[in-house]
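**Student:** Attaching a single structure in structure tokens format; questions to follow.
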Amino acid sequence: MHDFAYSDGVLKCEGMPVQEIARNNPTPFYLYSYHTLVEHYRKLKAAFAEMDPLICFSMKSSSNLSICRALVNEGAGLDIVSGGELFRALKAGCPPEKIVYASVGKKEEEIAEAIKKKINLFNVESVPELIMIDTVAKKLNKKARVAVRVNPDVKADTHEYITTGTSENKFGIDLKTAEDIFDNANKYSNVELKGVHVHIGSQITDPAPFVDAISKVLEFVDERSISIEWINIGGGLGIVYSDEKATTGDEFASYILPLLRGRGLKLILEPGRFIAGNAGILVCKVLYVKTGATGKKFIIVDAGMNDLLRPSLYEAYHRIVPLVERKAEPRRYDVVGPVCESGDYLALDRDLPEVVPGEYLAVMGAGAYGFVMASNYNSRPRPAELMAYKGEVRTIRAAESYKDLIRGEKILKELK
């Protein structure tokens, strides 16, 4: 479900014509639907209601302060992966006791700040990291609460760059090492081992790998009679970009809840894409339509790989649609950007009605891993972020200016 739909041949966001929004805001820009965002959270919360879960939205998917605050206001926590995301989470008003901290490479100063702020849990990814957390906590005369991220060696059917639960991946701790950690918990005097964590990847549309991974982790806990308070089953639920059959929150819960009932464990989930993915689009303008020597047609738009990296990085599919529907014979195009790279494209061999310069296109399903992965490559300012909120469109992040591109830089006086 999302609130981007055609009505009377016009693409609308929460009932407002996106064409009008584009005329009033320089392209490219990201446009989010507040209603879609919070409804996705509410549906997942309701699906797992019997366990009163802590749903920690994965900030890495979409970290704008208004997006995070909208979810925090609904009761969500936040899943962070850096000191910068901790800073953002606190600025968004998230209570520290609803923050969980993943990442294989937490720096000493980041760990110290998170301990001082009294976050709920660190998701520990290695023994050296656990030693570092214990050491930092000892210096601060504090106790750090951790969950051991177990790598269950379960492969999910997703892109190799976003699978995280196999033995070849850098994430998590193998079962044998995890057993040793729990058996020797007294070695870590300033750490409280409060839970286990598992996360096997992203954009997973089949519940079976989740069931396999969680079952493995629970079997590990049962066989060793490990006493924990929390089980964190991570995120990774996929959405519909093209013709996927995505799992709903209710369907997902119907697979997972039977595994967890009667155990007395508190539950954490870390969804990102599932909540934000279809809550946002990227709006761009057609600059030129070009026909190559072989007859291949290119739509050149004002958004590129620096604005939306997923197609170039993952060969990811995003549906692209005109803002105004029209009946016309489809033509096959590559939709490409202005960045000086052959890999700068938003879509390849895509059938669209004949496109003309000056019209606008919408790249659908861009609410997750869109703006957060944007860059200034080719000295291109990052785009604005807008949100449809209760009948109005509001700017939640202004587009960067050329001056923003050189903020913090200086020319050495010897070069002047």
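The values are calculated or read from the model by the stated rules, or taken from the named source; none is laboratory data. Owing to the predicted nature of the structure, the values given are computational and were not obtained by experimental measurement. Note: ideal-geometry Cβ built from the backbone for every residue, glycine included; neighbour counts use all protein chains shown.
**Student:** Given segment 1-72, what strands (runs of 3 or more DSSP E) lie entirely inside it while holding 1 or more residues that are buried (at least 22 other Cβ atoms within 10 Å of the Cβ) and in contact with a Pro (Cβ under 7 Å, 6 or more places away or on another chain)? Step through it out loud before you land on a result.
**Tutor:** Numbers: elements: 4-7, 10-13, 29-33, 54-58.
Per the criteria, 29-33, 54-58.
**Student:** Of Gly272, Gly264, Gly295, which residue is assigned by TED's automatic domain parsing to the domain that holds Ser225, free of Cβ contacts under 8 Å to residues at least 24 places away in the same chain and not polar (S, T, N, Q)? Walk me through it before giving the result.
**Tutor:** Numbers: Gly272 fails: free of Cβ contacts under 8 Å to residues at least 24 places away in the same chain; Gly295 fails: assigned by TED's automatic domain parsing to the domain that holds Ser225.
So the residue among Gly272, Gly264, Gly295 that is assigned by TED's automatic domain parsing to the domain that holds Ser225, free of Cβ contacts under 8 Å to residues at least 24 places away in the same chain and not polar (S, T, N, Q) is Gly264.
**Student:** Among the residues of segment 303-323, how many are farther than 13 Å from Val363 by Cα and at pLDDT 95 or above? If you could, list the steps in order and put the result at the bottom.
**Tutor:** Taking segment 303-323 as the starting set, the residues that turn out to be farther than 13 Å from Val363 by Cα are 306, 312-315.
Within this subset, residues satisfying the condition of being at pLDDT 95 or above are 306, 312.
Summing the residues that are farther than 13 Å from Val363 by Cα and at pLDDT 95 or above in segment 303-323 gives 2.
**Student:** To continue, here is another question. So Val127 clears everything in (1) surrounded by fewer than 22 Cβ atoms within 10 Å (Cβ to Cβ); (2) farther than 23 Å from Ile181 by Cβ except one condition, right? Which one?
**Tutor:** The failed condition is (2).
**Student:** Is there a residue in segment 280-291 that is touching a residue at least 24 places away in the same chain (Cβ under 8 Å) and part of a helix (DSSP H, G or I)?
**Tutor:** Here is the first cut: in segment 280-291, the ones touching a residue at least 24 places away in the same chain (Cβ under 8 Å) are 280-289.
Those left that are additionally part of a helix (DSSP H, G or I): none.
So far as segment 280-291 goes, no, none of its residues is touching a residue at least 24 places away in the same chain (Cβ under 8 Å) and part of a helix (DSSP H, G or I).
**Student:** How many residues does segment 363-390 hold that are over 20 Å from the mean Cα position of the chain (by Cα) and either surrounded by 23 or more Cβ atoms within 10 Å (Cβ to Cβ) or of a type in the set (A, V, I, L, M, F, W, C) (or both)?
**Tutor:** Qualifying residue count, segment 363-390: 0.
**Student:** Taking segment 242-289 as the search range and keeping residues that are hydroxyl-bearing (Ser, Thr, Tyr) and closer than 30 Å to Asn25 by Cβ, which one is nearest to the chain's Cα centre (by Cα)?
**Tutor:** Quick first cut of segment 242-289, residues hydroxyl-bearing (Ser, Thr, Tyr) only: 242, 247-248, 254-255, 288.
Checking which are closer than 30 Å to Asn25 by Cβ leaves us with 242, 288.
Working: Ser242: 18, Tyr288: 32 Å.
Among those that are hydroxyl-bearing (Ser, Thr, Tyr) and closer than 30 Å to Asn25 by Cβ, it is Ser242.
**Student:** Sort through Arg326, Arg397 and tell me the only one that's surrounded by 10 or more Cβ atoms within 10 Å (Cβ to Cβ), touching a residue at least 24 places away in the same chain (Cβ under 8 Å) and assigned by TED's automatic domain parsing to the domain that holds Thr291.
**Tutor:** Working: Arg326 fails: surrounded by 10 or more Cβ atoms within 10 Å (Cβ to Cβ).
Result of the check over Arg326, Arg397: Arg397.
**Student:** Do we find a residue being among the hydrophobic types (A, V, I, L, M, F, W, C) and surrounded by 21 or more Cβ atoms within 10 Å (Cβ to Cβ) anywhere in segment 352-362? Can you show your working first?
**Tutor:** Here is the first cut: in segment 352-362, the residues among the hydrophobic types (A, V, I, L, M, F, W, C) are 352, 355-356, 361-362.
With surrounded by 21 or more Cβ atoms within 10 Å (Cβ to Cβ) added as a condition, the list becomes 361-362.
The answer is yes, given that some residue of segment 352-362 is among the hydrophobic types (A, V, I, L, M, F, W, C) and surrounded by 21 or more Cβ atoms within 10 Å (Cβ to Cβ).
**Student:** Taking only pairs six or more apart or across chains, which ones have beta-carbon atoms under 6 Å, a first residue in segment 217-242 that is on the phi < 0 side of the Ramachandran plot and surrounded by fewer than 21 Cβ atoms within 10 Å (Cβ to Cβ), and a second residue that is assigned to a loop (DSSP other than H, G, I, E, B) and aromatic (Phe, Trp, Tyr)?
**Tutor:** The qualifying pairs are Tyr241/Tyr317; Ser242/Tyr317.
Residue-wise test of (1) over 24 Å from Arg382 (Cα atoms); (2) in contact (Cβ under 8 Å) with a residue 12 or more places away in the chain; (3) not aromatic (Phe, Trp, Tyr).
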{"site": "Met16", "(1), (2), (3)": "yes, yes, yes"}
{"site": "Glu20", "(1), (2), (3)": "no, no, yes"}
{"site": "Arg23", "(1), (2), (3)": "no, no, yes"}
{"site": "Lys43", "(1), (2), (3)": "yes, yes, yes"}
{"site": "Ile55", "(1), (2), (3)": "yes, yes, yes"}
{"site": "Ser61", "(1), (2), (3)": "no, yes, yes"}
{"site": "Val72", "(1), (2), (3)": "yes, yes, yes"}
{"site": "Leu86", "(1), (2), (3)": "no, yes, yes"}
{"site": "Leu90", "(1), (2), (3)": "no, yes, yes"}
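**Student:** Keeping to segment 102-114, report how many residues are without any contact (Cβ under 8 Å) to a residue 60 or more places away in the chain and under 24 Å from the mean Cα position of the chain (by Cα). Steps first, please.
**Tutor:** Of the residues in segment 102-114, the ones without any contact (Cβ under 8 Å) to a residue 60 or more places away in the chain are 103, 105-114.
If we keep only those that are under 24 Å from the mean Cα position of the chain (by Cα) as well, we get 103, 105-107, 110-111, 113-114.
Residues meeting the conditions: 8.
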